[in-house]
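A short write-up of the structure that comes next.
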Amino acid sequence: MGSFRVVSEGPLTRPLAGTVYVGGAKNSALKLMAASLLAPGRSLIRNVPDILDVAVMGQLLRQLGCEVEITYPVEAEPTAGSTSGLVTIDVPEQLDHKAPYELVRRLRASIAVLGPLVARCGRASVALPGGDAIGSRGLDMHIRGLLELGAVVRIEHGQVVAEVPHGLVGANLWLDFPSVGATENLVMAAVLATGTTVIDNVAREPEIIDLCTMLVEMGASIDGISTSTLVIEGVERLHPVEHSTVTDRIVAGTWVFAAAIAGGDLNIEGGITHHLDIVLDKLVSSGAEIDPTETGFSVHTHQRLASFDVATLPYPGFPTDLQPFAMALAAVSAGTAMITENVFEARFMFAQELARLGADLRTDGHHAVVRGVPMLSGAPVVAHDIRAGAALVLGGLAAQGTTLVAKSQHIDRGYPWFAEALAAVGADVSRLPD
């Protein structure tokens with residue numbers, strides 16, 4: 001499984017210094033790979049992060065009949081955290097419509113092939129997904145939307161089975177919650193449907209904008225991109241494209257919290273400040289200094305920060321993926337913070353591990369109260385998901401002694417060379433062999 005070893009004398013004792021690089025967004029690249037299924041021919045997706053999930057999605061597309069090549073520049077320095085690569089996907093005219101459990105269970109994002117397969121093949125059989133242990137992510141909105149577009153959908157032997165006996169037909173859809181996954185699947189299904197589809201209350205994350213931009217480049221007709229309502233005019237056929245993935249706002253935010261927790265001065269190359277407005281505003285109000293640069297922004301922290309409250313919400317609200325980092329920072333900030341998780345009910349599994357490092361916190365339902373202490377204490381902990389794992393590593397930077405973060409493969413699913421990149425900017429973090 002592997003683990004990360006973090007050695008520290010406590011917060012602000014070994015400040016970070018240097019430059020880190022933000023590559024393509026995990027949560028976009030995987031969906032762009034799925035979208036390539038909509039157009040026979042060769043699509044190229046650039047600025048793809050060097051992470052395990054990209055390799056798993058590549059395996060899934062091969063299972064569906066595609067030829068997939070994933071390449072990263074040999075001259076890239078892994079310690080810079082900047083190894084973004086190229087994915088070349090050759091999509092056949094005839095796709096296999098079955099996505100097997102042995103691959104889907106490793107990657108929740110694999111459910112994104114459901115919409116493209118229904119649209120291209122007229123049928124799909126996709127295993128119910130696995131992935132992170134952060135709570136239920138039901139498919140009700142995916143299924144209801146496909147039903148309204150004319151599909152017949154059922155759950156059978158652990159598979160989502162969708163068939164389109166008379167072709168997909170445009171409809172007026174409403175999402176009960178601005179679900180990223182449901183928005184993606186329904187948009188990808190609707191672009192090849194007959195007629196007009198209107199989807200209200202869609203997700204507005206930068207990754208959704210990136211997906212819609214690529215679909216338009218492929219020949220889709222989508223109005224309202226970046227708003228809460230998308231209007232899609234179905235077309236008969238899409239064509240392959242070359243597209244560059246948007247940079248990863250969650251990785252950029254992770255580096256911001258690294259500097260906030262450990263102290264120091266970091267240049268975050270590729271970070272986009274307006275993707276993180278609410279996060280950066282809270283950190284500035286707590287005492288951090290953030291300055292824009294020509295190619296990103298810089299973060300400066302040389303004192304213990306003040307606590308601040310967090311309530312996670314869909315974009316442009318505070319991202320649920322950054323909530324564990326906010327909790328880790330609150331654990332060593334001055335004062336008391338209220339953390340409210342409104343998106344994934346099991347995110348607070350992370351709190352149990354943070355408490356092992358000496359954090360003073362209490363959870364009640366989807367609320368957590370965190371009282372800051374001057375210093376955490378190193379201990380063995382377990383990464384239950386991508387963000388919790390990375391946040392525990394950063395918590396270790398504020399802990400006296402040695403922190404061992406087990407199941408580090410979760411971190412590698414979302415961060416390219418995370419231990420190496422931290423070490424390159426001054427942290428005593430190393431990767432231990434399996």
(request) Please state which one of T194, T227 is over 23 Å from R123 (Cα atoms) and either surrounded by fewer than 24 Cβ atoms within 10 Å (Cβ to Cβ) or in the same structural domain as A109 (by TED's automatic domain parsing) (or both). (result) T227
(request) Kindly establish whether L61 is hydrophobic (A, V, I, L, M, F, W, C), more than 17 Å from P240 (Cα to Cα) and not assigned by TED's automatic domain parsing to the domain that holds R387. (result) no
(request) Take the residues in the range 293-313 that are surrounded by fewer than 24 Cβ atoms within 10 Å (Cβ to Cβ), in contact with a helix residue (DSSP H, G or I) (Cβ under 8 Å, 6 or more places away or on another chain) and of a type outside the set (A, V, I, L, M), then tell me which one is farthest from I209 (Cα to Cα). (result) S307
(message) Quick check on A421: is it modelled with pLDDT under 95 and within 27 Å of V22 (Cα to Cα)?
(response) yes
(message) Can you pull out every residue in the range 168-192 that is assigned to a loop (DSSP other than H, G, I, E, B) and under 11 Å from L146 (Cα atoms)?
(response) L168, G170, A171
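To keep it simple, each residue is scored yes or no on (1) surrounded by fewer than 21 Cβ atoms within 10 Å (Cβ to Cβ); (2) at pLDDT 90 or above.
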{"residue": "V91", "(1), (2)": "no, yes"}
{"residue": "Y101", "(1), (2)": "yes, no"}
{"residue": "A124", "(1), (2)": "no, yes"}
{"residue": "R137", "(1), (2)": "yes, no"}
{"residue": "M141", "(1), (2)": "no, yes"}
{"residue": "L147", "(1), (2)": "yes, yes"}
{"residue": "L175", "(1), (2)": "yes, yes"}
(message) Considering only the range 379-388, I want to know if a residue exists there that is surrounded by fewer than 18 Cβ atoms within 10 Å (Cβ to Cβ), at pLDDT below 95 and of a type outside the set (K, R).
(response) no
(message) From the list L354, L361, exactly one residue is assigned by TED's automatic domain parsing to the domain that holds E269, closer than 30 Å to P314 by Cα and out of contact with any strand residue (DSSP E or B) (no Cβ under 6 Å at 6 or more places or on another chain). Which is it?
(response) L354
(request) Answer yes or no as to whether A326 is touching a strand residue (DSSP E or B) at 6+ places or on another chain (Cβ under 6 Å), under 18 Å from T363 (Cβ atoms) and in contact (Cβ under 8 Å) with a residue 60 or more places away in the chain. (result) yes
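Is at least one residue of the range 315-322 among the aliphatic types (A, V, I, L, M), farther than 16 Å from D360 by Cα, assigned to a helix (DSSP H, G or I) and at pLDDT 95 or above?
Yes - at least one qualifying residue is present in the range 315-322.
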(message) Just to be sure before I move on: is A351 more than 21 Å from N27 (Cα to Cα), touching a Leu at 6+ places or on another chain (Cβ under 9 Å) and assigned to a helix (DSSP H, G or I) in the structure I sent?
(response) yes
(message) Any residue that is surrounded by 17 or more Cβ atoms within 10 Å (Cβ to Cβ), of a type in the set (A, V, I, L, M) and in a helix (DSSP H, G or I) - is there at least one of those in the range 396-403?
(response) yes
(message) Please go through (1) in contact (Cβ under 8 Å) with a residue 40 or more places away in the chain; (2) within 16 Å of A399 (Cα to Cα) for A368 and return the number of the only condition it doesn't satisfy.
(response) (2)
(request) Please determine, by comparing only the residues of the range 372-406 that are of a type in the set (V, I, T) and either free of Cβ contacts under 8 Å to residues at least 24 places away in the same chain or touching a helix residue (DSSP H, G or I) at 6+ places or on another chain (Cβ under 9 Å) (or both), which one is nearest to S3 (Cα to Cα). (result) V405
(request) Scan the range 156-173 for residues that are small (G, A, S) and surrounded by 14 or more Cβ atoms within 10 Å (Cβ to Cβ) and jot them down. (result) A162, G167, G170, A171
(request) From the list V332, V343, pick out the single residue that is of a type in the set (V, I, T), at pLDDT below 95, at negative phi and assigned to a loop (DSSP other than H, G, I, E, B). (result) V343
(request) Please verify whether the range 209-225 includes one or more residues that are under 21 Å from Y415 (Cβ atoms) and out of contact with any Leu (no Cβ under 6 Å at 6 or more places or on another chain). (result) yes
(message) Checking the condition surrounded by 15 or more Cβ atoms within 10 Å (Cβ to Cβ) and within 21 Å of N185 (Cα to Cα), which residue from I208, I272, I290 passes?
(response) I208
(request) Pick out, from the range 1-60, the strands (runs of 3 or more DSSP E) lying fully within it that include 2 or more residues that are closer than 27 Å to T301 by Cβ and over 22 Å from the mean Cα position of the chain (by Cα). (result) 3-9, 16-21
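The values are calculated or read from the model by the stated rules, or taken from the named source; none is laboratory data. Quick caveat, the model's predicted, so the values are computed rather than measured. Neighbour counts run over all protein chains shown; Cβ positions are idealised from the backbone, glycine included.
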